Amino acid sequence: MSVTLETDEHKALRAAVAALGKRHGRTFERESLWQEAAKLGYLGVNLPEEYGGGGGGISELSIVLEELATAGCPLMLMVVSPAICGTVIARFGTEEQKRAWLPGLADGTRTMAFGITEPDAGSNSHRITTTARRDPDTGDWILTGRKVFISGVDIADATLIVGRTADARTGNLKPCLFIVPRDTEGFQRTRIDMELNAAEKQFELVLDDVRLPADALVGDEDAGLLQLFAGLNPERIMTAAFAIGMGRFALNRAVEYARERTVWKTPIGAHQAIAHPLAQAHIELELARLMMQKAAHLYDAGDDIGAGEAANMAKYAAAEACVKAVDQSVHTLGGNGLTREFGLAQLITAARVSRIAPVSREMILNYVSHQTLGLPKSY
């Protein structure tokens with residue numbers, strides 16, 4: 001693959017989003033930033049033009065999230081609403097579903113959450129027990145099950161739920177995706193008390209015989225894993241963007257501090273014990289960004305298999321680089337790194353999330369071991 005540097009359009013987008021992020025900063029108000037980003041066309045930059053989007057791809061959307069995170073004001077719901085749900089509906093939804101959802105996702109007036117993780121089915125999606133069965137009399141779908149660690153359900157208009165239906169030919173369960181409006185009867189949510197400072201809250205969901213019309217099913221009932229991974233690959237790429245931006249934010253604070261903080265005769269940044277670890281953090285963030293750009297390029301080009309490998313690698317590299325950048329930045333500031341004034345201490349927990357979600361680093365290493373290197377499975 002030839003090296004593709006950012007186009008002039010991408011550079012302009014990056015600069016414009018960075019300016020938006022700077023105006024809002026780390027004390028941002030989520031709804032205000034969401035609306036302004038939507039008005040400027042950033043939220044729907046990856047969605048088709050015929051439905052009100054920008055006609056771009058995950059390459060452009062990842063730039064938006066990275067630059068907002070670098071400014072200290074990431075919008076986590078961007079990972080879920082336009083990237084996962086918007087992409088799945090744009091690729092696989094019926095014409096009616098596209099008309100109903102994509103314009104609102106693009107202009108920010110509608111949002112959608114994504115529900116896949118379950119209490120007993122974390123990394124193993126084959127153990128998902130949320131099931132959907134057809135009512136033979138009405139044709140409705142009836143969903144039963146539980147989900148956990150689902151972001152933003154309280155502010156999203158609907159949640160795209162991953163369930164399983166019985167294959168009429170084999171009797172085996174296969175994954176399917178359903179649009180469940182927030183106030184649907186039997187769709188219950190309970191907030192999870194997290195030690196995480198984020199604008200979007202986490203929820204446990206219970207689906208108690210949730211009845212949905214036949215057209216709640218997204219796309220083809222037989223598409224199965226293809227539809228699912230059409231959303232999961234952008235999720236990994238966008239998580240990488242989030243982590244890279246977070247790492248850049250922390251590193252920028254540390255570099256600024258190291259330039260000015262003087263203990264003896266020179267600023268502490270002149271000492272290699274301070275300077276070298278910050279330089280290493282910068283290098284690792286830049287390397288992670290290159291892999292993220294490769295993954296986004298492959299996905300936007302329609303190479304789902306190549307994008308799957310690269311998206312996993314990008315997410316792994318970005319998470320590791322983010323954790324190291326945040327840790328080194330806090331250490332550079334010493335006691336100041338733990339004060340609210342500098343806004344770094346809360347990133348210690350947030351950075352760990354990028355190693356855990358949406359897939360753990362160990363599962364990514366499993367993927368690379370099996371899919372890339374061809375090594376046998378232990379499970």
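Could you please find all residues in the range 13-34 being of a type in the set (D, E, K, R) and either touching a residue at least 40 places away in the same chain (Cβ under 8 Å) or touching a strand residue (DSSP E or B) at 6+ places or on another chain (Cβ under 7 Å) (or both)?
If the condition is that a residue be of a type in the set (D, E, K, R) and either touching a residue at least 40 places away in the same chain (Cβ under 8 Å) or touching a strand residue (DSSP E or B) at 6+ places or on another chain (Cβ under 7 Å) (or both), then Arg14, Lys22, Arg26, Arg30 are the ones that fit.
Can you name the number of the only condition in (1) under 19 Å from the mean Cα position of the chain (by Cα); (2) over 17 Å from Ala241 (Cα atoms); (3) β-branched (Val, Ile, Thr) that Thr27 fails?
(1)
Can you tell me which residue among Thr138, Thr70 is surrounded by fewer than 24 Cβ atoms within 10 Å (Cβ to Cβ) and either under 30 Å from Ile348 (Cβ atoms) or among the hydroxyl-bearing types (Ser, Thr, Tyr) (or both)?
Residue meeting the stated conditions: Thr138.
Test Lys294 against the criterion of being under 16 Å from Arg236 (Cα atoms), at pLDDT 95 or above and open to solvent by 50 Å² or more (accessible area, probe 1.4 Å), and give yes or no.
Judged against the criteria, Lys294 is a match.
At pLDDT 95 or above and open to solvent by 80 Å² or more (accessible area, probe 1.4 Å): does that describe Leu251?
Here the answer is no, as Leu251 does not meet what is asked.
With the requirement that a residue be among the hydrophobic types (A, V, I, L, M, F, W, C) and closer than 18 Å to Leu290 by Cα, what does the range 317-340 give you?
Ala317, Ala318, Ala319, Ala321, Cys322, Val323, Ala325
Tell me, which residue of the range 306-358 that is assigned to a loop (DSSP other than H, G, I, E, B) and in contact with a helix residue (DSSP H, G or I) (Cβ under 6 Å, 6 or more places away or on another chain) is most open to solvent (accessible area, probe 1.4 Å)?
Pro358
So for the range 50-71 (the condition being over 13 Å from Ala241 (Cα atoms), modelled with pLDDT of 95 or more and in a helix (DSSP H, G or I)), does at least one residue qualify?
yes
I'd like the residue in the range 113-124 that is open to solvent by less than 40 Å² (accessible area, probe 1.4 Å) and over 18 Å from Leu61 (Cα atoms) and, out of all such residues, is modelled with the highest pLDDT.
Checking each candidate, the answer is Gly115.
So which residues in the range 148-197 are open to solvent by less than 30 Å² (accessible area, probe 1.4 Å) and part of a loop (DSSP other than H, G, I, E, B), if there are any at all?
Within the range 148-197, Gly152, Val153, Ala156, Asp167, Thr184, Gly186 qualify.
Condition first: polar (S, T, N, Q) and closer than 10 Å to Asp107 by Cα. Now tell me which residues in the range 20-50 satisfy that.
Gln35
What are the pairs with Cβ atoms under 7 angstrom where one residue, in the range 355-377, is within 14 Å of Arg236 (Cα to Cα) and the other, located anywhere, is hydrophobic (A, V, I, L, M, F, W, C) and open to solvent by less than 80 Å² (accessible area, probe 1.4 Å)? Sequence gap at least six, or different chains.
Arg355/Ala319; Arg355/Val323; Arg361/Ala319
Mind telling me which of the residues Arg146, Arg189, Arg133, Arg127 ends up being free of Cβ contacts under 8 Å to residues at least 60 places away in the same chain and closer than 20 Å to Val359 by Cβ?
On inspection, the qualifying residue turns out to be Arg127.
Quick one: what pairs do we get from the range 209-233, first residue closer than 15 Å to Thr94 by Cα, second among the small types (Gly, Ala, Ser) and at pLDDT 90 or above, C-beta under 9 Å, 6+ apart or different chains?
If the second residue must be among the small types (Gly, Ala, Ser) and at pLDDT 90 or above, the pairs left are Pro213/Gly139; Ala214/Gly139; Leu217/Ala132; Val218/Gly93; Gly219/Gly93.
Looking at the range 236-283, which of its residues are in a helix (DSSP H, G or I) and in contact with a strand residue (DSSP E or B) (Cβ under 8 Å, 6 or more places away or on another chain)?
If the condition is that a residue be in a helix (DSSP H, G or I) and in contact with a strand residue (DSSP E or B) (Cβ under 8 Å, 6 or more places away or on another chain), then Ala258, Arg259, Glu260, Ile268 are the ones that fit.
For Arg110, indicate whether it is in contact with a Pro (Cβ under 9 Å, 6 or more places away or on another chain), at pLDDT 95 or above and not aromatic (Phe, Trp, Tyr).
yes
Answer yes or no: is there a residue in the range 261-274 that is open to solvent by 50 Å² or more (accessible area, probe 1.4 Å), at pLDDT below 95 and aromatic (Phe, Trp, Tyr).
yes
Determine, yes or no, whether Arg23 is open to solvent by 50 Å² or more (accessible area, probe 1.4 Å) and among the basic types (Lys, Arg).
For Arg23, the condition - open to solvent by 50 Å² or more (accessible area, probe 1.4 Å) and among the basic types (Lys, Arg) - is met.
The values are calculated or read from the model by the stated rules, or taken from the named source; none is laboratory data. None of the values given here were measured: they were computed from a predicted structure. Please note: Cβ atoms are built from the backbone with ideal geometry, for glycine as well, and neighbour counts cover all protein chains shown. Side chains included, ligands, DNA and RNA excluded: accessible areas come from the protein's heavy atoms. Shrake-Rupley method; radii C 1.70, N 1.55, O 1.52, S 1.80 Å.
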